[in-house]
Every structure is written in C-alpha cells, then in structure tokens.
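The values are calculated or read from the model by the stated rules, or taken from the named source; none is laboratory data. Remember, predicted model here, so these are calculated numbers, not experimental data. FYI the Cβ positions are ideal-geometry reconstructions off the backbone, even for glycines, and counts take in every protein chain you see.
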Amino acid sequence: EMGASVLPITFFVILLHFTLTPIAVDDFWRFIIGAVLIIVGLGIFLVGVDLGATPIGELSGESLVKTNMMPVLLIGGLLLGFIISIAEPDLHVLSIQVEQFTANIVGRWQMVLVVSIGVGVMVMVGFWRLVKHIRLRTVLWITYGVIFLLALFNSPEFHAFSFDASGSTTGAITTPFLLALAAGIAGLFEGEAEDARDRYGMVGLASAGAILAMLVQGAIDSPAGYQQIDIVENITPAFFLEPFTSSLSGVLVDSLLSIAPLALVFIVIQLGMLKLKRKNVSRIMIGLLYCYIGLSLFMAGVNGGFMRVGRFIGAQLVLEHSPFLAVLAGFFLGMLTVIAEPAVHVLTDSVQESTGGTVPRNLTLLSLAIGVAFSIVLAVIRIYVEGLMLWHILLPAYILIMILSYFTPDLFIGVAFDAGGVASGPMTATFILAFAQGAAGAHPAANVLIDGFGVVALVAMTPLITIQAMGLIYKHRQRKEQQAAASEDSE
C-alpha cells in the first residue's frame, strides 16, 4: 500500500527529471533512497498502528465510557487527543518546515505542543458530543464561527500555518486512532444512536482543534511580520549520505519523544483499568516499537532527499518554464496523490457501503481526485497572482461548506470532515508542501511564508465539499426512490 502511495510521485519526478527539470545526479539518487525509506518506514509504521495504536484507541474509549464518570471521560479525551497528535509524522514534517522558514520564531516543538493541545480539547468535545448525542453540524458551526473570528486577529502567515496544521495533524496515526476511539465509544451506544453517524466526525473535530489552537497562539503571540527567507538549497553535502546521517540522531530522539507518551498512557490504562493478558500487552508494545522504527525511517527519508527534490522541482518550473507548466504539474501531482492514497480507497468503499451503492466508489474517487488536483492548482496560482491570499479562497469555501452541511445528511457531514485528514496524507505533507515552497521561493513576487504554505489546507478542504456533494446526490436519489415506491403503492 505504501509503495502504491509513494511510487506514482516517484515516477512523476523521474519523468520531470528526464524532460523539464533535470536533477543533479547525487540529489536524484538521494531522492530515490528517501522514497525507499519513506515506503519502508510508513509500511512498518502502519503495521505498528494496526498492532498498537488502534487497539489502544478502541480499548481506551470503551474503558473511559464504562467508568460512567463524565469528568474522567473528558479528561481522558483531552489526554488521548494530545498524546496521539504528538506522535503524528505529518505534523512533525510541517512543524520542521515552519521552524526553518520562520528562523525559529515559531519553534518545532512549540507548534507540535500547541496543535496537540487544540486536538486534545476538541477530542474532549467530541467525547462529550458522542455521549450526549449532539449533532455534529451544531458543534462544527460554533467551532468554525470561532475560528473565523480568531482569524481576524492573525497575520496571513499564521492563517497558512493554522489551516495547514489541520490537515497535517490528522495523518497516518491520528486518523485511524481517532476513528477507533470514536467507534469504541459509539459502539456502546449503538441502541441509542439513530445510525452509524456517531462513528464519524471525531477526526474533523480534531482538525478544527489544530486550527483553533494555532490561531489562539497567533492572536496572543504573533510577531508583526516575518522576514522573507531564501529556501533554494545550494549547499553541497560533504559526502553522499550526509543529509541522512546528519539528522539521524535527532530523528531517533524525536521519534522516541513522539511514541513514548502513547506507550506511557497504555501502561497506565493497562494497570488501572484494562488488565489485559500478557500476550495482548506484548502485541501492543511490539506494535508501538514498530511505530518508533517506522517513524524514524520515514523522517530520515523525508529529511535526507525527498523534500529537497520537491523544492528543487517547484523552483525550476517557476524559473525555467511557463506558469502553465507549473500549474499543470500541480494538477497531476494532486491527481496522483489522491488516486494512490490507500486510505482514500477505504473511504470511497465506506461511502459506497453507507449509501447502499447509490453513490459508487468510482464517482467518489473521481470527485476527490479532481477536487484535490484543483486545490493544488489554486495553490500554484496563488504564487503567481500577487495579492491573492489564502483566506480569499478559504473563507468563501468554508461558507459554502457550512451551507452544504445544513442540507447534507448527518452521516455525510461526519465522513466529509474526517476525509480531510485522509486526503492530506503523507505525500501532501512532504513532497507537495516542498513543491509549493520551492515554487514560492523562486517567484520574485511571492512570499514563501504566505504563498509556500497553505497547500495542505487547500487539499484538506476539498473533501468537505466533495463528500457533502455526494451526500446531496444520495439524498436526491433516495427521495426519488421513495417517491417511485409511493406511486407504485398508490397504484
């Protein structure tokens, strides 16, 4: 699955290398090594998620509800959301970029901790919603109302950082963990819930929490402006593997700091509530070890060569070729990213199953692919059009999303907001983010911090429109079937 996710981007880069943007030999082979490390690392990481993180999510949710104590449930949600977000690889990739391009004004761990607090708070709200059976759209309307109010007090740079964080924090580990957490709680209320809608929406709330937390930080502690930074990398490594070896010790420590809190939470819950058999405990701990090894390999691949080539290609397309080719490259990158993302196929199957085949998986996949492709096209256009801010796109889009949520069936609202984390997967947080940064850094009128960020936000936004549109199609077809059945009965 990870090969299917990374290889299309890799082949696209090879095609560009031999046609439009020749890459230096050493950088090209570092990119290939980085791609292999990402494939292997994510593969091992996701095995660890299945063995360790997902069972912890399900068991934790069930155990917290069974205490029948609302304060315990809410505090548990806060801690679990906080800890799982810290372990998210995509968030670390983004926070490293933000730290680098703000010259440490916004630190990596500062951003990770702030975002994780926001995720924890909104997971706590999600728990409360599940127990009280409050409609998801009500919580989302209030949350996004506060978000756009806070956005008035933030700089354009923080708009991009905040909305990018929403797509990055719900990635390879957070999405399955939160889905398992919600399923564990919703499963205990199956008889009380109207349908499967309570199983969806937790990931969407976590994404909103990331935006909220970053905007609060920006409103309180945002500098008046940031210095433009040149991101074109001209430093030649001393030896071929230096980009990998120079960051290895830091990667190993950072990965340990990411996974250790999750292991600690499991140990506490195991000793206090679960009392699982030794065999099951060993299985979960081995899963967490896989998460650590996989995360370390993934980050080594990202830092060692993958993102460097992404920036180079983005810069070369802007410097050496017409805007049309840069836009076209962005379009195909978007299509490849979605079609190759394994989690997207799980989502499309889920939509088809939930609608009884009324909305076929291929229709959903095509809609998502075209939507994400155009979102990256918009990100590239922002670089060329001076004065086109991220909020000029996000504000009308989210107004449309909120209007759609009024008419869309509840199940599709939850699926749509969860799907944002699915579409903005590892390739968006790594290669496509780097591609946008390279393009913005090379364009004389663009600002890296304003125009180079925001692409993850645009990709995460697309499914909110696409899936809700699918929901309206389902609603319309269902109504027609009911009318046809009623007319047959009357005859």
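Quick notes on this one:
- For segment 170-183, the count of residues that are at pLDDT below 95, in contact with a Pro (Cβ under 8 Å, 6 or more places away or on another chain) and in a helix (DSSP H, G or I) is at least one.
- Boolean, L91 is over 30 Å from F45 (Cα atoms) and either in contact with a Gly (Cβ under 9 Å, 6 or more places away or on another chain) or among the small types (G, A, S) (or both): no
- Matching residues, segment 383-404, being crowded, with 24+ Cβ neighbours inside 10 Å and either of a type in the set (D, E) or over 21 Å from the mean Cα position of the chain (by Cα) (or both): I383
- Yes/no for T54 being modelled with pLDDT under 90, under 26 Å from T337 (Cβ atoms) and of a type in the set (V, I, T): yes
- Screening L46 on (1) touching a Leu at 6+ places or on another chain (Cβ under 9 Å); (2) closer than 30 Å to S282 by Cα; (3) surrounded by 20 or more Cβ atoms within 10 Å (Cβ to Cβ) shows it passes everything except condition (1).
- Hits in segment 320-333 (condition: in a helix (DSSP H, G or I) and either under 18 Å from V385 (Cβ atoms) or charged (D, E, K, R) (or both)): E320, P323, F324, L325, A326, V327, L328, A329, G330, F331
- L74 passes every criterion in (1) at pLDDT 90 or above; (2) crowded, with 21+ Cβ neighbours inside 10 Å apart from (2).
- With respect to being among the charged types (D, E, K, R) and within 30 Å of I38 (Cβ to Cβ), D418 fits the description.
- Total residues in segment 149-172 satisfying the condition of being surrounded by fewer than 24 Cβ atoms within 10 Å (Cβ to Cβ) and among the polar types (S, T, N, Q): the figure is 2.
- Among the residues of segment 94-108, those that are over 17 Å from T174 (Cβ atoms) and part of a helix (DSSP H, G or I) comprise I96, Q97, V98, E99, Q100, F101, R108.
- Only residues that are within 18 Å of K66 (Cβ to Cβ) and over 21 Å from the mean Cα position of the chain (by Cα) were counted in segment 110-132, giving 4.
- Test: residue in segment 82-91 that is aromatic (F, W, Y) and either in contact with a Phe, Trp or Tyr (Cβ under 8 Å, 6 or more places away or on another chain) or more than 25 Å from A457 (Cβ to Cβ) (or both): no
- Residue in segment 385-392 that is within 30 Å of F11 (Cα to Cα), in a helix (DSSP H, G or I) and not aliphatic (A, V, I, L, M) present: no
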